[in-house]
Amino acid sequence: MVQSSPSADADDFSSLVTPAGLELARDIAMASVETCRRDGYNVSAVVPDRAGNVQAALRDTLAARHTQEIAERRARMSIMSGTHSGEFRAAGSLIGAVGVSGAPGGEKDAAVPPLR
């Protein structure tokens with residue numbers, strides 16, 4: 001009889017959940033900033049992974065400095081509250097979220113394509 005070790009079980013679990021990698025986080029943050037820039041808004045976009053650890057954070061050149069903190073809070077709140085606003089998933093599993101801040105009104109921040 002073959003028994004699996006605890007570390008093998010942990011390795012098996014980690015292969016089931018794909019974390020938001022740096023490249024994906026960077027691409028989502030950049031797409032968010034560029035979309036808002038085309039609409040004439042200077043924003044910040046922050047992308048944490050499923051545990052709330054920031055993977056990417058971008059602040060457009062003319063975005064106010066407080067927008068980065070607000071964007072981070074929005075993304076983390078999306079993860080903690082379980083709302084689908086700003087979350088992104090792979091194979092049904094939450095892998096991260098994106099928060100955007102700086103457009104004149106939250107509805108404009110939430111209208112960024114990666115958030116829809």
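The values are calculated or read from the model by the stated rules, or taken from the named source; none is laboratory data. Because the structure is a prediction, the values reported are computed rather than measured. Quick reminder, even Gly has a Cβ in these numbers, built from the backbone with ideal geometry, and neighbours come from all protein chains shown.
Miscellaneous remarks
- Selection from the stretch 42-101 of residues that are among the hydroxyl-bearing types (S, T, Y) and surrounded by fewer than 20 Cβ atoms within 10 Å (Cβ to Cβ): T61, S81, T83, S85, S93
- The residue that is farthest from S81 (Cα to Cα), counting only those in the stretch 25-68 that are within 15 Å of the chain's Cα centre (by Cα) and part of a loop (DSSP other than H, G, I, E, B), is V43.
- Of the listed requirements (1) without any contact (Cβ under 8 Å) to a residue 40 or more places away in the chain; (2) at positive phi, A91 misses just one: (1).
- Taken over the stretch 76-116, the criterion of being under 13 Å from V43 (Cβ atoms) and at pLDDT 85 or above is satisfied by V98, G99, V100, S101, G102, A103, P104.
- Residue that is surrounded by the most Cβ atoms within 10 Å (Cβ to Cβ), among those in the stretch 24-41 that are of a type in the set (V, I, T) and within 12 Å of A103 (Cα to Cα): V33
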